[in-house]
Amino acid sequence: MNSRESYLQQEIDWIENSGEMPEVAFYEAFYYLTEKEEGPKLILTLSDIKRMEDAAIDRFKTIILRDLKFANTRSSIFRGLKRAIINYNRLKKYQKKKNRIDSGMKKETGHYLKEYIRCECEDISDRRHYRTINCTREELEHFADELGVNIAPEYNDICFKHIPLTFDEVYRTTLLSERDDYPYKFIYDRKDYCEIVIFNEKKQKFYISLKIFCEKNDSDRKNMRLKTDAIYRSLSKSIPPWEVL
């Protein structure tokens, strides 16, 4: 690989593994390769630029599908359905600006969304008192319409009958729930927030707890208590047989 190709491929790899703003990564890479004082000062061909655009589009696809894969609700990489909708709209805008056409992303996104809704409804019906869908019903319906996905009304009713959690709350709740070696649960009311903890047989706390915060007004405090109750009831654990201080 020659020096020019090495520089280009390095930036393409960086774009494909960049964060939540692929379009920004594209322009930063373009600037570095062509104008930055410390850069290689390359003259990019249309083919070079297309490869960089492809990398940005691939990164968009990765983060969109990441948040539409239901299994990822158990992972710290999960950012929620609302973020997927935002990133999908940003991808469309980027593709339009670059005069690029959709190469099957709409169909693939629709498939992932249908599967997410199916898994969400099964999970709620089975044991959950909160929802992982953090967008509004209207946002979800608009997204589904745009993708050509038909969500049955009863599925929507199931999805939105419970209080939503943030993506971080979803991850931490799942983490607490899946620790079978910590079979006891307890709530601490800390006034400005509630804290849910789990204990093992030795009365030791799990090193990660879940804090649900509120602001000063009554509606936020009510929302905090609703979230806390929903999460607590969803944890299939027992009340400690000893007095918790």
Give me the residue from the range 218-245 that is loosely packed, with under 10 Cβ neighbours inside 10 Å and charged (D, E, K, R) and, out of that set, nearest to residue 193 (Cα to Cα). 218
Residue 195, sole failed condition from (1) surrounded by fewer than 18 Cβ atoms within 10 Å (Cβ to Cβ); (2) over 23 Å from the mean Cα position of the chain (by Cα): (2)
Residue under question is residue 231, and the condition is that it be more than 23 Å from the chain's Cα centre (by Cα), of a type outside the set (Lys, Arg) and modelled with pLDDT of 90 or more; does it hold? no
Verdict on residue 164 being in contact (Cβ under 8 Å) with a residue 24 or more places away in the chain and surrounded by fewer than 17 Cβ atoms within 10 Å (Cβ to Cβ): no
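The values are calculated or read from the model by the stated rules, or taken from the named source; none is laboratory data. Computed from a predicted model, the values in this text were never measured in an experiment. Ideal geometry is used to build each Cβ from the backbone, glycine not excepted, and the neighbour counts take in all protein chains shown.
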